Amino acid sequence: MSMEELGGQFALDMQGLNRLKHSARQDPAGGVRGAVQQFEALFIQMMLKSMRDAVPTTGLIDSKQTEFYQSLLDQQWSQTLASRGIGLADSLVAQLEGSGMVPARRQPGSAVDELIAGIPRGAPRP
């Protein structure tokens, strides 16, 4: 599950977990990335809920329906913000890769970069 999919995904999509499991089976490093992005979205959602709870209510438009729709909005915002990233997912992936719990993700073209790095550089002679 890539970051583009997370941002365009509906927050209450029930098939998201199945897609995450499937992508984790196909590409374990990518699956870890998707899982920590979902964790980041959950963290942001909890943060938004705490901020809403800290604001005093006036009682004019407060009802169970308003709270329900605000929670839906917070869930969708948390998905959107997590797709852009706040840095929590990056640090979790780095920590998991550093501890050896998941394999480090190889960048495409890194073998070519290693070959090019071995070529001596110098000015051509006329």
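The values are calculated or read from the model by the stated rules, or taken from the named source; none is laboratory data. Because the structure is predicted, anything quoted here is derived from the model rather than measured. Ligands, DNA and RNA are stripped out before the accessible areas are found, and what is left, the full protein with its side chains, is counted by its heavy atoms. Shrake-Rupley method; radii C 1.70, N 1.55, O 1.52, S 1.80 Å.
Ignoring everything but the protein chains, give the 1.4 Å probe accessible area of Leu20 in square angstrom, nearest 10.
30
Determine the gain in length on full extension of the stretch Ile86-Ile61; use 0.36 nm per residue of separation and subtract their C-alpha separation, reporting nm with one decimal.
Result for the pair: 5.8 nm of gain on full extension.
Indicate the gyration tensor shape class of segment 16-77 (rounded, prolate or oblate), computed on the Cα atoms with a ≥ b ≥ c the square roots of the eigenvalues: a/c under 1.5 is rounded; otherwise a/b larger than b/c is prolate and the rest oblate.
prolate
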